[in-house]
Amino acid sequence: MDTIELFQDHFGMKCVGVKFFEGEIDTSNLQILRDIKFCQAVRIAYDQPVLLDKDSISCKGAQYALGFEEGTEKEIANAIKLKRGISKETAEQLVENIPRIKNAHYKYIGLNIENPDILIFYMIPKRFMEFLKIYQRTGNSLEVRLSSITAMCGDVAVQTFLTKRICISFGCDDSREYGEVADEELIVGIPKEKIEEIMRIIC
């Protein structure tokens with residue numbers, strides 16, 4: 001088994017690897033999804049490898065966070081304002097705080113693909129505690145940034161990719177519904193390098 005498989009076997013949970021591709025790749029054996037939310041695509045990827053491109057994502061927040069679309073801040077803020085019943089200024093501040101890939105030059109995002117950049121897990125709190133206890137053998141504590149918007153796409157996938165840190169989220173309404181995140185689960189993003197570091201500790 002490779003390192004990721006060993007990690008999954010040790011903690012008894014599945015994950016979806018996420019890989020950001022800069023250039024052209026062979027797509028002949030991969031399904032490119034269309035008109036889908038990122039969190040929904042992650043759920044599908046539990047069962048099969050898939051690809052996303054700039055025409056795949058139907059959610060404005062995910063398009064913005066993943067860097068597939070620029071200049072939609074006002075549109076996203078207005079949607080948040082109407083949905084949450086908050087002021088325009090507050091909604092704009094929330095959008096400004098969304099982790100996002102700026103000036104993106106990634107053509108594809110692969111889910112459940114070999115050699116991923118990061119991995120997304122659904123974990124129950126007790127399992128995450130067990131993972132954290134092992135992680136803290138490195139002498140590090142976990143710094144957490146939480147938001148209830150663009151949870152799986154922004155706060156987990158993008159933030160983990162950009163910072164190379166472990167990130168968690170309680171989800172947003174869409175990610176819990178379309179990603180089929182159970183009430184008792186957290187969404188956890190882990191860089192591949194951290195998986196390797198933790199497995200060296202365990203083994």
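Remarks
- Counting only helices (runs of 4 or more DSSP H) wholly contained in segment 1-65, the ones carrying 1 or more residues that are touching a residue at least 60 places away in the same chain (Cβ under 8 Å), more than 16 Å from the chain's Cα centre (by Cα) and crowded, with 16+ Cβ neighbours inside 10 Å occupy 3-11.
- Restricting attention to segment 154-171, the residues being assigned to a helix (DSSP H, G or I), free of Cβ contacts under 8 Å to residues at least 60 places away in the same chain and either of a type in the set (A, V, I, L, M, F, W, C) or closer than 17 Å to Ile57 by Cα (or both) number 2.
- Residues being farther than 16 Å from Cys15 by Cα and either part of a loop (DSSP other than H, G, I, E, B) or in contact with a Pro (Cβ under 6 Å, 6 or more places away or on another chain) (or both) - total across segment 172-203: 4
- Verdict on Glu75 being modelled with pLDDT under 95 and surrounded by fewer than 20 Cβ atoms within 10 Å (Cβ to Cβ): no
- All of Phe68, Phe128 fail the test of being touching a residue at least 24 places away in the same chain (Cβ under 8 Å) and assigned to a helix (DSSP H, G or I), apart from Phe128.
- Just so you know, in segment 111-124 the residues that are outside any loop (DSSP other than H, G, I, E, B) and under 20 Å from Tyr64 (Cβ atoms) include one that is nearest to the chain's Cα centre (by Cα), and it is Ile120.
- Looking only at residues in segment 94-141 that are among the acidic types (Asp, Glu) and in contact with a helix residue (DSSP H, G or I) (Cβ under 9 Å, 6 or more places away or on another chain), the one that is surrounded by the fewest Cβ atoms within 10 Å (Cβ to Cβ) is Glu96.
- Thr160 meets each of the listed conditions (1) surrounded by fewer than 22 Cβ atoms within 10 Å (Cβ to Cβ); (2) within 14 Å of Ile98 (Cα to Cα) apart from (1).
- Enumeration of residues in segment 83-110 that are β-branched (Val, Ile, Thr), within 15 Å of Ala157 (Cβ to Cβ) and not in a loop (DSSP other than H, G, I, E, B): Ile109
Conditions (1) closer than 17 Å to Met129 by Cα; (2) of a type in the set (Lys, Arg); (3) crowded, with 24+ Cβ neighbours inside 10 Å; (4) modelled with pLDDT of 95 or more, marked per residue:
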{"residue": "Val144", "(1), (2), (3), (4)": "yes, no, no, no"}
{"residue": "Arg165", "(1), (2), (3), (4)": "yes, yes, no, yes"}
{"residue": "Phe170", "(1), (2), (3), (4)": "yes, no, no, yes"}
{"residue": "Ser175", "(1), (2), (3), (4)": "no, no, yes, yes"}
{"residue": "Gly179", "(1), (2), (3), (4)": "no, no, yes, yes"}
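- Any chance Gly154 is of a type outside the set (A, V, I, L, M, F, W, C), out of contact with any strand residue (DSSP E or B) (no Cβ under 7 Å at 6 or more places or on another chain), under 23 Å from Tyr108 (Cα atoms) and surrounded by 21 or more Cβ atoms within 10 Å (Cβ to Cβ): yes
The values are calculated or read from the model by the stated rules, or taken from the named source; none is laboratory data. Values in this document were obtained by computation on a predicted structure and should not be read as measured data. Here Cβ is always computed from backbone atoms with ideal geometry, including for glycine, and neighbour counts include all displayed protein chains.
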